[in-house]
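Student: Following this message is one structure expressed as structure tokens.
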Amino acid sequence: MYKAYNKIFWGFMLNFIDINIGIDIAPDFIGYMLITSALYELHEQSKLREFKIAKYLSIPLIPFSFFSMFLDNTSIYMYNDIAMILITIGMIMNICLIYYSYNGSLELIEDDMIRGDVKMFRNSYVITNMLFAFVLSLYNFKESSIYTAIMFIIGGLSFILAISLLFNLRKIRNSFEPI
């Protein structure tokens with residue numbers, strides 16, 4: 001389990017790092033491949049339904065993130081209705097992936113203190129990022145200063161929660177013995 005959680009950590013790390021020098025040097029699809037592989041391992045070891053669901057949610061995110069690498073951030077990506085719908089769907093799938101991964105983890109973690117932290121984080125992450133996805137879907141109102149302020153606040157919270165996700169994954173990973 002230790003190795004599987006380590007793969008999930010590095011998978012999400014690749015997804016959060018966005019270094020683009022003409023080409024994305026930390027592509028998200030590689031991160032999702034690591035995450036899918038780890039969820040497969042966790043499901044095989046634990047037989048928990050939550051990991052199976054999370055695995056199936058992660059599979060379409062691989063090609064989705066691969067093709068999103070080729071979108072131009074200034075024109076198609078930000079102002080195209082279809083692109084915004086696809087981005088919102090991808091965000092919701094990612095939120096569900098994290099939700100089910102954390103639910104499976106809660107079944108495996110024996111330490112009550114870690115379980116409490118993981119449960120609190122899971123709830124905060126899901127609520128904040130669902131709100132972010134909803135507000136993002138209202139991008140037609142992007143000229144409004146209220147929209148900009150809300151996006152800034154929720155985006156900031158989402159960023160903090162992304163960092164917390166990595167710390168939580170380390171905490172979960174460390175609750176298992178390395179093999």
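Derivation of every value follows stated rules applied to the coordinates shown; laboratory data play no part. Just so it is clear, the model here is predicted, and its values are computed rather than measured. Cβ coordinates were reconstructed from backbone atoms using ideal geometry, including for glycine residues, and neighbour counts include every protein chain displayed.
Student: I need 52, 119, 47 ordered by Cβ neighbour count within 10 Å, fewest first.
Tutor: In order of increasing Cβ crowding within 10 Å: 47, 119, 52.
Student: If you compute Cα extents along the principal axes in Å for the structure shown, which of (1) 50, 31, 27; (2) 68, 41, 39; (3) 165, 30, 22 do you land on?
Tutor: (1)
Student: Any chance you could count the Lys pairs in region 2-174 whose alpha carbons are under 30 Å apart, treating pairs 8 or more apart or on different chains as valid?
Tutor: 18
Student: If R₀ is 22 angstrom, what is the calculated FRET efficiency for the pair residue 2 and residue 119, using the beta carbon separation as r and rounding to 0.05?
Tutor: The formula returns an efficiency of 0.55 here.
Student: Which is the longest run of the chain containing none of the GluC sites (Glu not before Pro) found in DSSP loop states (not H, G, I, E, B) with at most 11 other C-beta atoms within 10 Å?
Tutor: It works out to 1-109.
Student: Give me the number: length gained by fully extending residue 26 to residue 153, i.e. 0.36 nm times residue separation minus the C-alpha to C-alpha distance, one decimal in nm.
Tutor: 43.1 nm
Student: When the chain is fully extended, how far beyond the present Cα-Cα distance does residue 111 get from residue 49, taking 0.36 nm per residue of separation?
Tutor: 20.2 nm
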